[in-house]
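Notes follow once the structure below has been shown.
The values are calculated or read from the model by the stated rules, or taken from the named source; none is laboratory data. Just so you know, these numbers come straight off a predicted model, no measurement behind them. With ideal geometry, Cβ positions are generated from the backbone for all residues, glycine too; neighbour counts draw on all protein chains shown.
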Amino acid sequence: MRIEQHISLRPFNTFGMEITAGSYLKLESKNQLPSIFKDKTIKHLVLGGGSNILFTKDYDGLVIHNHLKGITKTSEDKNYVTVTVGAGENWHSFVLHCLENNWFGIENLSLIPGTVGASPIQNIGAYGVEIKDVLKEVTYYSIPDNKFKTLKAEDCNLGYRNSIFKKELKNTFVITEVTFNLLKKFNPSITYGAISAVLEEKGIVSPTAKDVSNAVIEIRESKLPNPKEIGNAGSFFKNPVISVDQFNEVKQRFPQVVSYPVDATHVKIPAGWLIDQAGWKGTKRGEIGVHDRQALVLVNRGKGNGNDIKDLAYEIIADIKSTYGIELTPEVNIF
Ligand code: FAD
Ligand code: NAP
């Protein structure tokens, strides 16, 4: 086990922040974990693809960079295959692997950056599909208990960009494997966003899973900045969910407001719409700012500073609160 000192994390976070880890370990075997946590109080950060993190300063603890690999089909019946995946596998590569093997259910989640191990933490989602829909169980090393535990999906409290890992278990675990139940028969979900329009444009009437994945990739590439070119962590804010009563008040003042029903008493408002309407889209502050095609995405165009992005985010939050009375919350983890 090789622990290195003063390692730059710039290549390992999609915002491209130039910060240093006090110490750094590339985790290649889960058997290393008990000795890493001999001291249970060691300050640590588990890093996957660094695509949901904003670093505002050097990290003065141990960064455990997840490289646990492996994709194994563990069982199969008439309708499903069960697949167990090492937490350090790249998410999009896993999606492509599933398509090659005719395992279905996550094609709408194509091109989401990051690792498989991080996927249950915020219950990643896009185009009407969430990890919740395919998750079987999560295996993790529990630091306080010094043992590996497996949590069934129904016990992970998966909600909109939320789970037990962001709340009750926060900072007490290292996810080592994630197990999925995937369909053997493709069941397309193409009503969300522009998927059906893109398929129609191509003259595709009965899409395959690969067609859907390609459509999602095409839409994402046209709307979202590629972190290899412009530093970002995807949507910086969650979409606010508000009561129907509050929504009616907002709608009186802003009749054009976009909304989607959540349940009988709540609606979701796209945070991107609020930020765009409030005039923030395309804001430039030196090297940082708000993306010009997607108001939900804060960007680092070069050698921007994490604190400047954080300050901009909180200025946007205050402005949206005073304009619409709606509280935005960051989706990105700020360190
Ligand atoms: P990291 O950023 O490395 O870590 C995120 C958090 O999880 C940190 O707190 C970290 O400590 C913790 N963590 C990571 N791995 C482990 C582990 N094995 N054990 C314990 N803790 C761990 N998200 C969506 O939901 N939907 C999208 O459509 C989407 N699109 C995106 C588009 C772009 C361009 C970008 C840059 C990001 C997007 N995201 C999206 C956000 C991000 O990709 C996901 O949240 C992803 O799951 C983060 O994975 P990661 O490995 O990069 O996590
Ligand atoms: P979009 O299709 O322009 O839609 C804007 C917003 O409206 C989205 O936030 C989406 O909410 C909501 N929406 C659209 N159609 C909906 C429907 N039929 N039912 C319910 N809600 C609907 O969004 P986009 O920005 O291009 O992103 C496309 C998808 O990729 C979205 O699902 C988004 O969440 C996901 N994405 C996530 C991140 C991230 O970092 N988290 C980054 C980029 C894209 P939802 O967000 O709840 O889906």
For the list (1) more than 16 Å from ligand 1 (Cβ to nearest atom); (2) modelled with pLDDT under 95, I need the number of the one condition that residue 211 fails.
(2)
Determine whether the range 221-235 contains at least one residue that is surrounded by fewer than 17 Cβ atoms within 10 Å (Cβ to Cβ), within 30 Å of residue 184 (Cβ to Cβ) and within 16 Å of ligand 1 (Cβ to nearest atom).
yes
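Listed here are the residues, each with its yes/no results for (1) within 12 Å of ligand 2 (Cβ to nearest atom); (2) in a loop (DSSP other than H, G, I, E, B); (3) of a type in the set (D, E, K, R); (4) farther than 22 Å from residue 166 by Cβ.
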{"residue": "78", "(1), (2), (3), (4)": "no, yes, yes, yes"}
{"residue": "81", "(1), (2), (3), (4)": "no, no, no, yes"}
{"residue": "93", "(1), (2), (3), (4)": "no, no, no, yes"}
{"residue": "98", "(1), (2), (3), (4)": "no, no, no, yes"}
{"residue": "108", "(1), (2), (3), (4)": "yes, no, no, yes"}
{"residue": "120", "(1), (2), (3), (4)": "no, yes, no, no"}
{"residue": "132", "(1), (2), (3), (4)": "no, no, yes, no"}
Might you check whether a residue that is touching a His at 6+ places or on another chain (Cβ under 8 Å) and in contact (Cβ under 8 Å) with a residue 60 or more places away in the chain occurs anywhere in the range 59-73?
yes
Residues of the range 272-288 classified as crowded, with 22+ Cβ neighbours inside 10 Å and either closer than 22 Å to residue 13 by Cβ or of a type in the set (Val, Ile, Thr) (or both), total
2
Sole exception among (1) surrounded by fewer than 19 Cβ atoms within 10 Å (Cβ to Cβ); (2) β-branched (Val, Ile, Thr); (3) over 16 Å from residue 299 (Cβ atoms) for residue 198, by number:
(1)
Scanning the range 245-271 residue by residue, the ones that are surrounded by 13 or more Cβ atoms within 10 Å (Cβ to Cβ) and without any contact (Cβ under 8 Å) to a residue 12 or more places away in the chain total 1
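Per-residue answers, yes or no, for (1) within 23 Å of the chain's Cα centre (by Cα); (2) in a loop (DSSP other than H, G, I, E, B):
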site: 220; (1), (2): yes, no
site: 226; (1), (2): yes, yes
site: 234; (1), (2): yes, no
site: 246; (1), (2): no, no
site: 256; (1), (2): no, yes
site: 261; (1), (2): yes, no
site: 295; (1), (2): yes, yes
site: 304; (1), (2): yes, yes
site: 312; (1), (2): yes, no
Specify the residue that is surrounded by the most Cβ atoms within 10 Å (Cβ to Cβ); the eligible residues are those in the range 39-67 that are of a type in the set (Val, Ile, Thr) and not in a strand (DSSP E or B).
56
Look through the range 191-205, keep the residues that are within 16 Å of ligand 1 (Cβ to nearest atom) and in a loop (DSSP other than H, G, I, E, B), and return whichever of them is nearest to residue 72 (Cα to Cα).
192
Among the candidates 1, 17, residue that is in contact with a helix residue (DSSP H, G or I) (Cβ under 9 Å, 6 or more places away or on another chain), more than 14 Å from ligand 1 (Cβ to nearest atom) and in a loop (DSSP other than H, G, I, E, B)
1
Among the candidates 146, 108, 123, 102, single out the residue that is surrounded by fewer than 18 Cβ atoms within 10 Å (Cβ to Cβ) and either closer than 30 Å to residue 198 by Cα or near ligand 1 (Cβ under 8 Å from one of its atoms) (or both).
102
